[in-house]
Amino acid sequence: MRVLLSVLLAILACDQIANGYRILGVFPLNGKSHWVMMEQLMKGLASRGHQVDVITHFPLKKPIPNYTEINLAGSLPQVMNNLTADDVRRFDSSSKYMLTYLAGTKICELLNHPKLKDLVENPPQDPPYDIVIVELFAAPCYLAFGRHLGVPMVGTVTSALHSWLDNLSGNPPSLAFVPNLFSTFTQQMSFKERLINVLMFFGVNTQINHYTNSQTHYVKESFGLDVRHITELHRDISLYLVNSHHSLNGIRPMTPSVVEIGGLHLRDDGHLEPEVQKWLDESEHGCVYFTFGSMVRIESFSKKLMQQMYRSFEKIAPVRVLMKIAKKEDLPPGLPKNVMTQSWFPQMSVLKHKNTRAFITHGGLMGTQEAIACGVPMIGIPLFADQRININNYVNKKVAISLKSIDDVTEEKLTSALNTILKDPSYRENIQQLSKLFLDRPMSALNTSIYWVEYVAKYGNVLQSPALQLYWWQWNLLDIFAFIFAVIATVLYIALYILRKLKNYLLFGSRACANKSGAALKSKKNK
């Protein structure tokens, strides 16, 4: 019986591989926080029997079947654990330019890498690619792969849908209640906030389109495609996989081509080291986990700020603190005894521990989704990009407290926030309820993603919005409104014209009649 079962499973596995697709994954951005989502997707597709080739800076530690890497590691400067406080402030002050330069233009330059040039010039033919998956961030030049290979394309987004992707995907922007990711608004906006939201929508979209337009020449040079503007390539996208979920990011209208797969990256990330396990197990009064993600070095912030944090951590003892620090030797002296530091922690394992009571975070979407999945309330210190709107959103849901910015952090404010989160049970109750809403789905985020990728590979461009076939003025009904206005204006003009003629007739016509009658009477009398 066991032999028969093994044979049946082997036949099913072979059939799955035989009917599998060949998939190209294009992920040239060297950001670890972005990669964790893409890695889950591509490994999941490989486990389904599809043959995946992956452009990446992060090779797997252990090879897996059906998974081939086009390894770009070392081709760009490392950003993991490499952003200082000065980098954060510089990035925050000119975020759109820095975004499209560091994560856009510099990434497009990799098209000159020998491995990518060879892929473009000599794509595999045995078998050829069936579908391309590309990360949509700030380097749309890589969307040319879909047109170059003549196959459907899937775009992945590591945040909620960017405002500049709404028009490009045919998705309604809904500016009355969907805030811009660069704002700090929630879905309940005042008149002033809605006005700012509209202005930000057009301003951000114009800036992003302006800065990314320079990438058009990379498409022409590397792929030989005649593209007038880089945004044209977005019309080739058949499906958008977006790292959002209605329970966290709010409800908004979406076309069928936009699929929410928030939390795709969630996974068990290994066992805790014995030292960390012991520290957490013995944290009877609770433990606070503190990290600014995979890129930002906490120890690079000012000595004054770090010492204020130290004093705050001392005040909450015997509650303990786990703090992710890239280089412990760069920390100022005086680290409290209730604080443990390491260069890396398995974050999900830390957050899932029963004694973890709070999470101090910069507000990155991936990390906050992990905290919500594990039911751990947050203290947000946003640094740049969408982190402010993420934290404000969680504050609005009463699962977090915001310190607004790194410059707003003081010993008193941090201590007050910690005590509130640790002692007020409502925060934990609220986030545990939010966790249930976030995780309760008919299919996991991974299985949802795989289903829709296979759907597009099978049926092609059937989900794309017909709005993309319209000019912008047709989509926004400006021609209809102009026609209605013209009709109303014409009717009003004709009505006014008739009224004016009628008035003239009544006034001057009656006077003429009176004059005629008077003249007739006068003529009679003279006779």
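Points worth noting:
- In the stretch 45-76, the residues that are over 25 Å from the mean Cα position of the chain (by Cα) and in a loop (DSSP other than H, G, I, E, B): R48, G49, H50, K61, K62, P63, I64, P65, N66, G74, S75
- Any chance A103 is modelled with pLDDT under 90, outside any loop (DSSP other than H, G, I, E, B), in the same structural domain as V154 (by the TED database) and within 26 Å of the chain's Cα centre (by Cα): yes
- Selection from the stretch 273-296 of residues that are more than 21 Å from P377 (Cα to Cα) and in a loop (DSSP other than H, G, I, E, B): E273, M295
- Residue within the stretch 397-414 that is assigned by the TED database to the domain that holds S283, in contact with a Gly (Cβ under 6 Å, 6 or more places away or on another chain) and within 18 Å of T291 (Cβ to Cβ) present: yes
- Residue in the stretch 179-197 that is touching a residue at least 60 places away in the same chain (Cβ under 8 Å) and acidic (D, E) present: no
- Residue check, I316 among the β-branched types (V, I, T) and over 25 Å from K32 (Cβ atoms): yes
- The selection criterion, being surrounded by 16 or more Cβ atoms within 10 Å (Cβ to Cβ) and either acidic (D, E) or under 14 Å from G25 (Cβ atoms) (or both), holds for L143.
Listed here are the residues, each with its yes/no results for (1) under 19 Å from D87 (Cα atoms); (2) surrounded by 18 or more Cβ atoms within 10 Å (Cβ to Cβ); (3) in the same structural domain as N419 (by the TED database).
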residue	(1), (2), (3)
E284	no, no, yes
Y289	no, yes, yes
I298	yes, yes, yes
M309	no, yes, yes
A317	no, no, yes
L322	no, yes, yes
K327	yes, no, yes
D330	yes, no, yes
N355	no, no, yes
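- Test for G363: is it buried (at least 21 other Cβ atoms within 10 Å of the Cβ) and part of a loop (DSSP other than H, G, I, E, B): yes
- Selected residue (only one of S435, S465 is hydroxyl-bearing (S, T, Y), under 20 Å from T291 (Cβ atoms), at pLDDT 90 or above and out of contact with any Lys or Arg (no Cβ under 9 Å at 6 or more places or on another chain)): S435
- Selection within the stretch 461-481 - hydrophobic (A, V, I, L, M, F, W, C) and in a helix (DSSP H, G or I): A467, L468, W472, W473, W475, L478, I480, F481
- Scope the stretch 146-160; condition surrounded by 24 or more Cβ atoms within 10 Å (Cβ to Cβ) and within 21 Å of A385 (Cβ to Cβ); matching residues: G155, T156, T158, A160
- Any hit, the stretch 168-180, residues being assigned to a helix (DSSP H, G or I) and surrounded by 21 or more Cβ atoms within 10 Å (Cβ to Cβ): yes
- Residue within the stretch 245-261 that is among the small types (G, A, S) and within 30 Å of H148 (Cα to Cα) present: yes
- Subset tally (residues that are in contact (Cβ under 8 Å) with a residue 40 or more places away in the chain and either touching a strand residue (DSSP E or B) at 6+ places or on another chain (Cβ under 6 Å) or among the basic types (K, R) (or both)) for the stretch 201-237: 3
- Per-region count, the stretch 239-263, residues within 19 Å of W35 (Cβ to Cβ) and of a type in the set (S, T, N, Q): 2
- Residue identified as of a type in the set (K, R), surrounded by fewer than 22 Cβ atoms within 10 Å (Cβ to Cβ) and outside any helix (DSSP H, G or I) among K436, K398, K458: K398
- The stretch 241-264: number of residues that are farther than 19 Å from Q432 by Cβ, in contact with a Leu (Cβ under 9 Å, 6 or more places away or on another chain) and assigned to a loop (DSSP other than H, G, I, E, B): 9
- Qualifying residue in the stretch 297-315 (condition: in contact (Cβ under 8 Å) with a residue 60 or more places away in the chain, under 25 Å from the mean Cα position of the chain (by Cα) and in a loop (DSSP other than H, G, I, E, B)): yes
- Hits in the stretch 210-225 (condition: surrounded by fewer than 17 Cβ atoms within 10 Å (Cβ to Cβ) and within 21 Å of the chain's Cα centre (by Cα)): H210, N213
The values are calculated or read from the model by the stated rules, or taken from the named source; none is laboratory data. Note that the coordinates shown come from a computational prediction; the quantities given were computed from them, not determined experimentally. Because the Cβ atoms are built from the backbone with ideal geometry, glycine has one as well, and the counts that use them run over all protein chains shown.
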